[in-house]
Structures are given as C-alpha cells and as structure tokens.
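Written out below as structure tokens is the structure these notes cover.
Every number here is computed from the coordinates shown, using simple stated rules; none is lab data. Nothing here was measured: the structure is a model prediction, and the numbers come from that model. Quick reminder, even Gly has a Cβ in these numbers, built from the backbone with ideal geometry, and neighbours come from all protein chains shown.
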Amino acid sequence: QVEMAESGGGLVQAGGSLRLSCAANGRLYSSHIVGWFRQFPGKEREFVAAIRWGTTKTYYSDSVKGRFTISKVGAENSVYLQMDNLEPEDTAVYYCGRTSSYSTWPRDYSSWGQGTSVTVSS
C-alpha cells in the first residue's frame, strides 16, 4: 500500500511563495493521479490540483489557477505544488492523495498523508 507524505508548509506573507512536496513511499504507475487538496477548519477537504502520473496532464481548481503549479519528478516518486502570489484565503492544511480515476472529490482518493500546514499572513 503506497502512502504519501506531505512537507514544505509554513508561514508566509501575502504575495509570497511556497513549494509543497508530496512523496510516495512506493512506486506510482501511469494509471495513477496524484491530487492536492486543502482543508479549512471545520470544512471538508477541497480540491486544489491534480496531475496524471503517466501523461503529466494537470488539473486546477478555479481558485488557484494561474497561481499554483503542480508538477512531478518520476525518479523521486514525488509531486510538487508551487504556490505563488499566496493569499490569506489560501491558509489551510494541504494534503495529497492518489486515485486511479480523475476526480475532484476527496472520497475518491486514498493514501493520504498527515498534511502540511500553510499560513498566509496579510
């Protein structure tokens, strides 16, 4: 069972940047899709971005499109989320998970890590 581990969160001022990492402890296959989600206190996880492992096709939520970039490094079994022009509204715990069929619903993903906290100050 592949498990994911997120890292790279922290405190940043509005307008700043952070790069989150999602490392898989096992092999990812071309059929896999790795997605980033974020969770605000008291809310369900919401979709942020996803990438197809095989084709590197990417998907973004409207709220982050143009500001966040998802990418992968196959040799590292890792997916990255470059977050630029951060806003206080981006403050959340960020999680990555994997699925075999593209979805924006967290229930369709598995292998969640512990999450990494991002705080954007105004």
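Once the Cα atoms of the chain are picked out, what are the Rg and Dmax in Å?
For the chain, the Cα-based Rg and Dmax read 13.2, 40 Å.
Using the crude model of +1 on Lys and Arg Cβ and -1 on Asp and Glu Cβ, and no other charge, please compute the dipole size for the chain relative to its Cα centre, in debye to 20.
Magnitude of the dipole: close to 340 debye.
Counting only trypsin sites (Lys or Arg not before Pro) that sit in a DSSP loop (anything but H, G, I, E, B) with at most 14 other Cβ atoms within 10 Å, what is the longest stretch of the chain containing none of them? Provide the component values of the computation, followed by the final result.
Values: sites that count: Arg27, Lys43, Lys57, Lys65.
Counting at most 14 other Cβ atoms within 10 Å as exposed, the longest clean stretch of the chain is 66-122.
Could you identify which residue out of Val79, Val64, Val34 has the top mean-square fluctuation in a GNM of the chain using Cα springs shorter than 10 Å?
The residue that fluctuates most here is Val64.
When only Cα pairs under 8 Å and 6 or more residues apart are kept, what is the percent relative contact order across the chain?
Computed value for the chain: 36 percent relative contact order.
First measure r as the distance between the Cβ atoms of Ser30 and Asp84, then evaluate 1/(1 + (r/R0)^6) with R0 = 35 Å and state the FRET efficiency to the nearest 0.05.
Computed FRET efficiency for Ser30 and Asp84 comes out at 0.75.
What is the calculated FRET efficiency for Ser121 to Thr55, with r their C-beta to C-beta distance and R₀ = 41 Å, to the nearest 0.05?
Working from the Cβ atoms, E equals 0.65.
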